[in-house]
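Worksheet: the structure to be examined is printed underneath.
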Amino acid sequence: MNRAGRIKRNLIIVALMVTAAVVFWAGPAGAAQAVPVPNINIGVGDADNPAEMSASLQVLFLLTILSLAPSILIMMTSFTRIVIVLSFMRNALATQQAPPNQIIIGMALFLTFFIMAPTWSQINQNALQPYMQEKINQEQALNNALKPLREFMFKQTREKDLALFVKLSENPRPQTYDDVPTLVLIPAFVLSEMKTAFQIGFMLFIPFIVIDMIVASSLMSMGMIMLPPMMISLPFKILLFVMVDGWHLLTRSLILSFQ
């Protein structure tokens, strides 16, 4: 039998096997039954009564809040200052990717949870629990939740930054803190947090720059120009940071900066 004949025979055998398998699984006399395929329908229909309309709006509102949750966590809490300072600390040490970004972000998140715990406790007590018990409506719950956050942001916001965004918003001059819109307070708070973080970062760089200058001057005086100063200064910077218990001091300073 030539090659073409063998290929033709193999194709016939495969076809017969497939046909037998289909008959076995799909035939009415087969022992196995066909697996039912689920049918999923997702659509938007008309609300028949005001209650259904209210429930739909509640779901839409909840989805909006969940989609904005990362931005709220980053921009309306202590996360911004902490993650910038930790990044400055790594750059000052010149350790490249040690600690890695995952560790820095994770540490910033848990420090944020620790610092914001009293604020979130007030939100849970005054807004979330009463709303879940149907004692207040959504608008009241939102207002009660914003009050502790606004108090926290006002304490950390500089008057100069707040005045800048009040002026740019072209709103009437507020007489009290309650007159300041939240949309004006949030960017002022973020701007103040970034300035504070950069000030702390500048202070962190000073001792390590001194070590780099001493090492560079020593190498130049010995004529070792081809040896990179960063290679020699890195162990000394790590040694200094470990001897003064740098992570403890840095964490303590960050937490106290919000009090």
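The values are calculated or read from the model by the stated rules, or taken from the named source; none is laboratory data. Bear in mind the structure is a predicted one, so any value in this text is a computation, not a measurement. All Cβ positions, glycine included, derive from the backbone under ideal geometry; neighbour counts span all protein chains shown. Accessible surface is based on the protein model in full, side chains and every heavy atom, while ligands, DNA and RNA are left aside. Shrake-Rupley method; radii C 1.70, N 1.55, O 1.52, S 1.80 Å.
Look through the range 230-255, keep the residues that are open to solvent by less than 50 Å² (accessible area, probe 1.4 Å) and either at pLDDT below 80 or basic (Lys, Arg) (or both), and return whichever of them is farthest from residue 206 (Cα to Cα).
233
Can you find even one residue in the range 187-209 that is over 28 Å from the mean Cα position of the chain (by Cα) and buried (at least 17 other Cβ atoms within 10 Å of the Cβ)?
Yes: the range 187-209 contains one or more residues that are over 28 Å from the mean Cα position of the chain (by Cα) and buried (at least 17 other Cβ atoms within 10 Å of the Cβ).
Yes or no: residue 146 modelled with pLDDT of 80 or more and either β-branched (Val, Ile, Thr) or over 26 Å from the mean Cα position of the chain (by Cα) (or both)?
For residue 146, the condition - modelled with pLDDT of 80 or more and either β-branched (Val, Ile, Thr) or over 26 Å from the mean Cα position of the chain (by Cα) (or both) - is not met.
Could you pull out every one of the helices (runs of 4 or more DSSP H) wholly within the range 119-182 that has 1 or more residues that are of a type in the set (Lys, Arg) and open to solvent by 60 Å² or more (accessible area, probe 1.4 Å)?
Output list reads 138-156, 159-169.
Mind listing just one residue for me: the one in the range 78-113 that is polar (S, T, N, Q) and crowded, with 18+ Cβ neighbours inside 10 Å and, of those, farthest from residue 203 (Cα to Cα)?
Filtering first and then ranking leaves 112.
Would you check if residue 239 is in a helix (DSSP H, G or I) and closer than 19 Å to residue 97 by Cα?
yes
Could you please let me know if residue 196 is at pLDDT 85 or above and polar (S, T, N, Q)?
yes
Checking residue 216 against (1) more than 21 Å from residue 96 (Cβ to Cβ); (2) of a type outside the set (D, E, K, R); (3) modelled with pLDDT under 85: exactly one of these is not met. Which one?
Against the list (1) more than 21 Å from residue 96 (Cβ to Cβ); (2) of a type outside the set (D, E, K, R); (3) modelled with pLDDT under 85, residue 216 comes up short only on (1).
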